[in-house]
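Notes follow once the structure below has been shown.
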Amino acid sequence: MSDGLEYFVKALLPYEPEKPESLWRRLGDHWEYLSLIDWRWHRTDRTKYINAPQSAVLHPVTAERAAELAADHQIWVRYWKYYSSLYSWQDGDEPYAVVRRRNSPEWQLDEAFLNDNRWHENGTINEFWDRRTSSPPHLIEITADEAEQFIREQRGIVHAIDL
C-alpha cells in the first residue's frame, strides 16, 4: 500500500487516534483524501474546493494503519438517537429515529433512518445545533453498535448501519 505514499489523519487537537476526522495521503506535492461518501481516493488537484489540510492538524500514520482506517467505515460516522424535542427526551419518551453524519472533506452527509427502513438525507443534525430554530429536535450521541441495536429492536432490521 505504500509505494512512497505518506499517510495522515486529520484531527484537531487534542488528537485522539480512535476519532480521526479524515484520511489523507501524499506523494510528493500531490494530495488525495479518502471520500467518506463513496469510499474512494480523490485527488485535491482535480477540485477547486478542497485543499490539503494545514500541517498543524495532520498526524502521520503508517500505511498499515491507513489501510485499517480505510476499511473501517464506521470509525468515520457519528450516530445519535433522535427525539422530537428536549421536552420529549426529558419526559422519557422513546427516541423517534437514528440519525448519522459523515463529515467527508467534499461533503457533509446527514441522514436519518426512517419508517421505510432506509437512510435518507436529513437536516435534523443542523436543526439541533441551530439555536435559532423555535423547536429544535434533541439528539443523544450513541455508538455505531447502539445505533444498530436500536434499529434492530425498533424495526427488526439487521445491518441497517452498513455503509
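Of the residues examined, ALA97 is not one that is surrounded by fewer than 16 Cβ atoms within 10 Å (Cβ to Cβ) and either within 20 Å of TRP119 (Cβ to Cβ) or more than 16 Å from the chain's Cα centre (by Cα) (or both). The residue that is nearest to SER104 (Cα to Cα), counting only those in region 1-46 that are at pLDDT below 90 and of a type in the set (Ser, Thr, Tyr), is TYR15. A residue that is in contact with a strand residue (DSSP E or B) (Cβ under 9 Å, 6 or more places away or on another chain), of a type in the set (S, T, N, Q) and within 19 Å of PRO17 (Cα to Cα) can be found somewhere in region 56-70. Exactly one residue among ALA66, ALA52 is modelled with pLDDT under 85 and either surrounded by 15 or more Cβ atoms within 10 Å (Cβ to Cβ) or closer than 21 Å to PHE150 by Cα (or both), and that residue is ALA52.
Let's see how each residue does on (1) at positive phi; (2) over 14 Å from the mean Cα position of the chain (by Cα); (3) not β-branched (Val, Ile, Thr):
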| position | (1), (2), (3) |
| --- | --- |
| LEU23 | no, no, yes |
| TYR33 | no, yes, yes |
| GLN54 | no, yes, yes |
| VAL57 | no, yes, no |
| GLU64 | no, yes, yes |
| ASP72 | no, no, yes |
| TYR83 | no, yes, yes |
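Please verify whether region 36-55 includes one or more residues that are hydrophobic (A, V, I, L, M, F, W, C), more than 30 Å from ILE157 (Cα to Cα), touching a Ser or Thr at 6+ places or on another chain (Cβ under 9 Å) and part of a strand (DSSP E or B). Checked region 36-55: at least one residue is hydrophobic (A, V, I, L, M, F, W, C), more than 30 Å from ILE157 (Cα to Cα), touching a Ser or Thr at 6+ places or on another chain (Cβ under 9 Å) and part of a strand (DSSP E or B).
Going by the conditions given, is LEU13 in contact with a Ser or Thr (Cβ under 8 Å, 6 or more places away or on another chain) and in a loop (DSSP other than H, G, I, E, B)? No.
Can you tell me how many residues in region 70-94 are under 14 Å from LEU163 (Cα atoms), touching a helix residue (DSSP H, G or I) at 6+ places or on another chain (Cβ under 9 Å) and either loosely packed, with under 14 Cβ neighbours inside 10 Å or of a type in the set (A, V, I, L, M) (or both)?
2
Of note, ALA67 satisfies the criterion of being of a type in the set (Gly, Ala, Ser) and either in contact (Cβ under 8 Å) with a residue 60 or more places away in the chain or over 19 Å from PRO136 (Cβ atoms) (or both).
The values are calculated or read from the model by the stated rules, or taken from the named source; none is laboratory data. Nothing here was measured: the structure is a model prediction, and the numbers come from that model. Don't worry about glycine lacking a Cβ; one is built from the backbone with ideal geometry, like all the others, and counts go over all protein chains shown.
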